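Read the structure below first, then the notes.
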Amino acid sequence: MAIQQQIQQAAIDSLEKLYGKTFTAKDFQINKTKPEFAGDYTIVLFSLLKPLSKSPDALGNELGKHLTENHAQMFTSFNIIKGFLNLTVADSYWISVLINNYNNTSFGRGEAKHKKVMIEYSSPNTNKPLHLGHLRNNFLGWSIAAIIKANGYDTVKTCIVNDRGVHICKSMIAWQLFASGATPQSTNTKGDHFVGDYYVKFNDEYKKQVEELIEGGMKKEDAEKEAPIMKATQQMLLDWEAGKPEVMELWKEMNSWVYAGFDETYKRIGSDFDKIYYESNTYLLGKKTVQEGLSKHVFIQKEDGSVWIDLTADGLDEKIVQRKDGTSVYITQDIGLAQQKYEEYKIDQSIYVIGDEQNYHMKVLQLICKKLGLPYADGIYHLSYGMVELPTGKMKSREGTVVDADDLLDEMENVARKKTEDLGKVKDFTAEELKELYKTISLGALKFYLLRVDPIKKMIFNPEESIDFHGYTGPFIQYTHARIKSILRKEKAQDSSIIQGTGLLPLEKELLIELENYPTVIEQACNEHDPSHLANYIYTIAKTYNSFYTEHSVMKAESEEKKQLRLFICELTANVIAGGMQLLGIKVPERM
RNA sequence: GGUCCGGUAGCUCAGUUGGAUAGAGCAUCAGCCUUCUAAGCUGAGGGUCAUUGGUUCGAAUCCAAUCCGGAUCACCA
């Protein structure tokens, strides 16, 4: 049990014995004691004063005395300032935490919950390469899945590939018009970029045609519909739906180019999936649901045949679920897919990592599922995240300000190489080791930069800041880990018996108090679906360790006892840093 | 216009769910490498927590109103 809960429980027991009243954890708070006061943890007494009709001093003294007398092993002293009861926890407690966990690889992991959680993330369109926004999604999705797993849940990582629709046909048409048979191989271009270029070409051509039509006297709206290239695209979509062989063939080929490109990038950033759904297989799902909804009178059919749900009573709008021509819309497909996920995996919870522009859509999805009485409705959770913007404003593909994922990764890797070469600490590395290190550092920097922020907030991506390897960054933490490992290569912690009764210096104690909190942070990150808590926490650990490192020598410690103690502290710190970073999808090097 | 989200140091962000004198990093300034990796450490300056009112022992945190920014409200996905 975490120390905070232990204190709370001890206080509840003491209060019961002292005053015969039963309190719960919600009735009062335990906080970490502010550094300017003596003590480690603080019981805030204010909320207890009234029910017990006690003055802060009287209650503090009685409770403090009772706690220290009955838990002499745990608390060594107390003091009261205003309504705050500050308790000092015995050094021996922190040392026992250290000894019990220094080489415990499952430290911080939760017990098996026997529940299954599906995490849908990434979900790209197959008409253009991945960009910075996708990276935030991928890092978030991967990390939250790892965190959920660490808390003892079974996880299924999944991805729904948007591989059909008008946007795909646009690239296809442009390729037919302009490529004269070119392929990624023939042009030596990464497949997703190759296809993305034709998507851009489509838009250029489309724009040109619309302008020409407007000059010829057509209204803007009509011109947008009548442009030949757009009409060809619409026709292609119909042909695709009809399964016309040459269209299907082109579609399959172009998608295969994109997948080859995606695979490369996914491999590079570490994204992986247990199950991939393709929209071309799922877009017809949900039709059954429409029938069910009608018979349950959750949906209503209008005169023209279209089917709707009225959500005005819930503060939303009327929403269409099936077109008058009988085809299903986006939301219906999603209901169908949700159903399929549930049937295939019997999941207890389904997390969707999707941008906040779809908040409304996800709200509607869950609400409809609830109204239909579907068993998985309550398990739907939208992990909504804000847009990534540049210091100059939003990324706009039309203005060419979109930050391409592959380009960014290349650039970061170059910076990592340059900085590593400048420092010259790993000159003995082989070319292969160096390559691996540059990748580790650059990806660590990028992932940490994107994950350290609360997902719900939109964030500014400052290119200069993101390649800074000092301060609140991934490389700072990686560097701290490498420093620890450098010590542990010289000597390992071995004799835990001689540190049992040793005393702790302030920085040693502070570090142990923070390390003890690791399991609580992992749990919180899981409950709040927020890896940034973990990122912040690891940073704090690294920072405290670095202070400790400068202040106290390990190898030249004052005594053998101190040396062993610090070696154990090094072990545990390294484990927590490596384990925590792993949950963010970030590797930590042995040397850098 | 309706709904939802955000507003904390010059910039980027934390703030343990209502607790003590609001914290980090970057940037600026001043120090620290003959001592386990200086991608580090120590210190300084920098704040009307958007505004106003309310709730109470106590508010950046909860409530209300206002201001600013964003998203969304398609027979697109």
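Kindly work out what percent of the DSSP beta bridges joining two residues of the range A:309-393 are antiparallel, to the nearest 5. Walk me through the numbers before you get to the answer.
On the way: 4 of 10 bridges.
That works out to approximately 40 percent antiparallel.
Once each part is reduced to its C-alpha centroid, what is the distance from the range A:327-377 to the range A:207-272 in angstrom?
27
Give the residue list of trypsin sites (Lys or Arg not before Pro) in the range A:360-443 that are DSSP loop and have at most 11 other beta-carbon atoms within 10 angstrom. Please report the intermediate quantities before stating the final value.
Numbers: sites: A:Lys363, A:Lys370, A:Lys371, A:Lys394, A:Lys396, A:Arg398, A:Arg417, A:Lys418, A:Lys419, A:Lys425, A:Lys427, A:Lys435, A:Lys439; in loops: A:Lys394, A:Lys396, A:Arg398, A:Lys425, A:Lys427.
Answer in residue order: A:Lys396, A:Arg398, A:Lys427.
Taking the Cα centre of the range A:288-372 as origin, work out the dipole magnitude from +1 charges on Lys and Arg Cβ and -1 charges on Asp and Glu Cβ, in debye rounded to 20. The partial results should precede the final answer.
Details: 11 positive and 14 negative charges, 48 e Å.
I would put it at about 220 debye.
Treating the Cα atoms of chain A as identical point scatterers in vacuum, please give the log10 of the normalised Debye intensity I(q)/I(0) at q = 0.06, 0.09, 0.12 Å⁻¹, two decimals.
Listed by q, the Debye log ratios stand at -0.43, -0.87, -1.26.
Given H placed 1.01 Å from N in the peptide plane, which residues other than close sequence neighbours of A:Ser123 have an amide H under 5 Å from its amide H?
So A:Ser123 has HN proximity to A:Ile160.
Please compute, for the alpha-carbon atoms of the range A:142-267, the extent along each of the three principal axes and give them in descending order in Å.
Cα extents, longest axis first: 65, 35, 27 Å.
Could you list the trypsin sites (Lys or Arg not before Pro) in the range A:11-74 that lie in coil according to DSSP, counting only those with at most 15 other Cβ atoms within 10 Å of their Cβ? The partial results should precede the final answer.
Numbers: sites: A:Lys17, A:Lys21, A:Lys26, A:Lys32, A:Lys54, A:Lys65; in loops: A:Lys21, A:Lys54.
Sites meeting the loop and neighbour criteria: A:Lys21.
Antiparallel DSSP bridges in the range A:351-505: what percent, to the nearest 5? If you can, show how the numbers build up before the last one.
Working: 1 of 8 bridges.
Restricted to the range A:351-505, the bridges split so that about 10 percent are antiparallel.
Just list whichever of A:Lys418/A:Lys485; A:Lys116/A:Lys370; A:Lys128/A:Lys346; A:Lys419/A:Lys457; A:Lys319/A:Lys396 have alpha carbons separated by over 25 Å in the model shown.
Working: A:Lys418/A:Lys485 23 Å; A:Lys116/A:Lys370 20 Å; A:Lys128/A:Lys346 33 Å; A:Lys419/A:Lys457 31 Å; A:Lys319/A:Lys396 29 Å.
In this structure, A:Lys128/A:Lys346; A:Lys419/A:Lys457; A:Lys319/A:Lys396 exceed 25 Å between Cα atoms.
Can you list residues from other chains, or at least 5 along the same chain, whose modelled amide H is less than 5 Å from the amide H of A:Gln322?
Residues meeting the criterion, in which the H sits 1.01 Å from N, are A:Val307.
Pull out the extension gain between A:Thr187 and A:Lys17, defined as 0.36 nm times the separation in residues minus the alpha carbon to alpha carbon distance; nm, one decimal. Please report the intermediate quantities before stating the final value.
On the way: separation 170, 0.36 × 170 = 61.20 nm, distance 8.08 nm.
Gain on stretching A:Thr187 to A:Lys17: 53.1 nm.
For the range A:459-592, build the convex hull from the C-alpha positions and give me its volume per residue in Å³. Please report the intermediate quantities before stating the final value.
Details: hull volume 15.4 nm³, N = 134.
Cα-based convex hull of the range A:459-592, divided per residue, equals 115 Å³.
Going by Cα centres, the range A:446-481 and the range A:400-416 are how many Å apart?
15
What aspartates and glutamates could a cross-link reach from A:Lys157, if we take a straight Cα to Cα line under 15 Å and drop same-chain neighbours fewer than 8 places away?
Qualifying aspartates and glutamates at Cα under 15 Å: A:Glu120, A:Asp272, A:Asp274, A:Glu344, A:Asp348.
Please order A:Asp428, A:Asp274, A:Asp154 by the number of other Cβ within 10 Å, starting at the fewest. Please list the in-between numbers first.
Details: A:Asp428 7, A:Asp274 13, A:Asp154 16.
Lowest count first: A:Asp428, A:Asp274, A:Asp154.
Using 1/(1 + (r/R0)^6) with R0 = 22 angstrom and r between the beta carbons of A:Lys115 and A:Ala2, what's the FRET efficiency to the nearest 0.05? Kindly include the intermediate steps, with their values, before the conclusion.
Numbers: r = 22 Å, r/R0 = 1.00.
That gives a FRET efficiency of 0.50.
Where in chain A lies the longest segment free of GluC sites (Glu not before Pro) that are both loop residues by DSSP (not H, G, I, E, B) and have at most 16 other Cβ atoms within 10 Å?
Numbers: sites that count: A:Glu36, A:Glu111, A:Glu303, A:Glu399, A:Glu491, A:Glu528, A:Glu558, A:Glu590.
The longest such stretch corresponds to A:112-302.
In whole Å, what are the extents of the range A:268-338 along the principal axes defined by its C-alpha atoms, from largest to smallest?
52, 28, 18
For the range A:312-464, what D do you get in µm² per second when you plug the Kirkwood radius from alpha-carbon pairs into Stokes-Einstein at 20 °C and 1.002 mPa s? Each step should come with its number before you reach the end.
Values: Rh = 19.5 Å.
The diffusion coefficient I find is 110 µm²/s.
For chain A, what are the DSSP H helices with axial Cα length of 20 Å or more and mean Kyte-Doolittle hydropathy of at least 0.5?
On the way: long enough: A:3-19 (23 Å, -0.34); A:56-70 (21 Å, -0.97); A:132-150 (27 Å, 0.63); A:191-215 (37 Å, -0.98); A:228-242 (21 Å, -0.11); A:245-269 (35 Å, -0.64); A:330-345 (22 Å, -0.96); A:405-423 (27 Å, -1.05); A:431-451 (29 Å, 0.33); A:474-490 (25 Å, -0.38); A:532-551 (29 Å, -0.37); A:560-583 (35 Å, 0.18).
Answer set is A:132-150.
Per-residue HN-Hα couplings for the range A:376-384, Karplus 6.51 cos²θ - 1.76 cosθ + 1.60 at θ = phi - 60°, whole Hz, x for Gly and Pro?
My calculation for the range A:376-384 gives 9, 4, 5, x, 6, 9, 8, 7, 8 Hz in order.
Please report, in debye to the nearest 20, how large the charge dipole of chain A is about its Cα centre when each Lys and Arg carries +1 at its beta carbon and each Asp and Glu carries -1 there. Before the final figure, lay out the partial values.
Numbers: 71 positive and 82 negative charges, 190 e Å.
Roughly 920 debye, rounded to the nearest 20.
Projected onto the charge dipole of the range A:165-267 (+1 at Lys/Arg Cβ, -1 at Asp/Glu Cβ, origin at the Cα centre), which of A:Gln235, A:Ile214, A:Phe262 gives the Cα projection farthest towards the positive end?
In the range A:165-267, that residue is A:Phe262.
Nearest 5 is fine: what % of DSSP beta bridges in chain A come out antiparallel, could you say?
Values: 23 of 45 bridges.
Percentage antiparallel, nearest 5: 50.
Roughly how big is the range A:106-167's charge dipole about its Cα centre, with Cβ charges of +1 (Lys, Arg) and -1 (Asp, Glu), in debye to the nearest 20? It would help to have the intermediate numbers written out before the result.
Numbers: 9 positive and 4 negative charges, 12 e Å.
That gives the range A:106-167 a dipole magnitude of about 60 debye.
Select from A:Thr189, A:Phe37, A:Tyr449 the residue farthest towards the positive end of the dipole of chain A; place +1 on Cβ of Lys and Arg, -1 on Cβ of Asp and Glu, and compute about the Cα centre.
A:Phe37
Using θ = phi - 60° and the Karplus curve 6.51 cos²θ - 1.76 cosθ + 1.60, what whole-Hz ³J(HN,Hα) does each residue of the range A:37-54 get, with Gly and Pro shown as x?
Values, residue by residue: 10, 6, x, 10, 10, 10, 9, 8, 8, 3, 5, 9, 4, 5, x, 9, 6, 10 Hz.
Would you work out which of A:Ile467, A:Ile498, A:Leu515 lies farthest towards the positive end of the dipole of chain A, given +1 charges on the beta-carbon of Lys and Arg and -1 on that of Asp and Glu, about the Cα centre?
So the residue we want is A:Ile498.
When the helix-only estimate is applied to chain A (DSSP H runs of n ≥ 4, each -39,500 (n - 2.57), divided by the residue count), what is the mean residue ellipticity at 222 nm, nearest 500 deg cm²/dmol? Provide the component values of the computation, followed by the final result.
Values: 23 runs with 326 residues, N = 592.
It comes out at -18000 deg cm²/dmol, rounded to the nearest 500.
Which ³J(HN,Hα) values in Hz, rounded to whole numbers, follow from the phi angles of the range A:460-468 under the Karplus curve 6.51 cos²θ - 1.76 cosθ + 1.60, where θ = phi - 60° and Gly and Pro get x?
In residue order, the calculated couplings are 9, 9, 9, x, 5, 5, 5, 9, 7 Hz.
What are the extents of the Cα atoms of the range A:1-111 along their three principal axes, listed from largest to smallest and rounded to whole Å?
48, 31, 23
All of the numbers you see were taken from the coordinates with simple rules; none came from a lab. Since the model is a prediction, treat every value here as computed from it, not as a measurement. Glycine also receives a Cβ, built like all others from the backbone with ideal geometry; neighbour counts cover every protein chain displayed.
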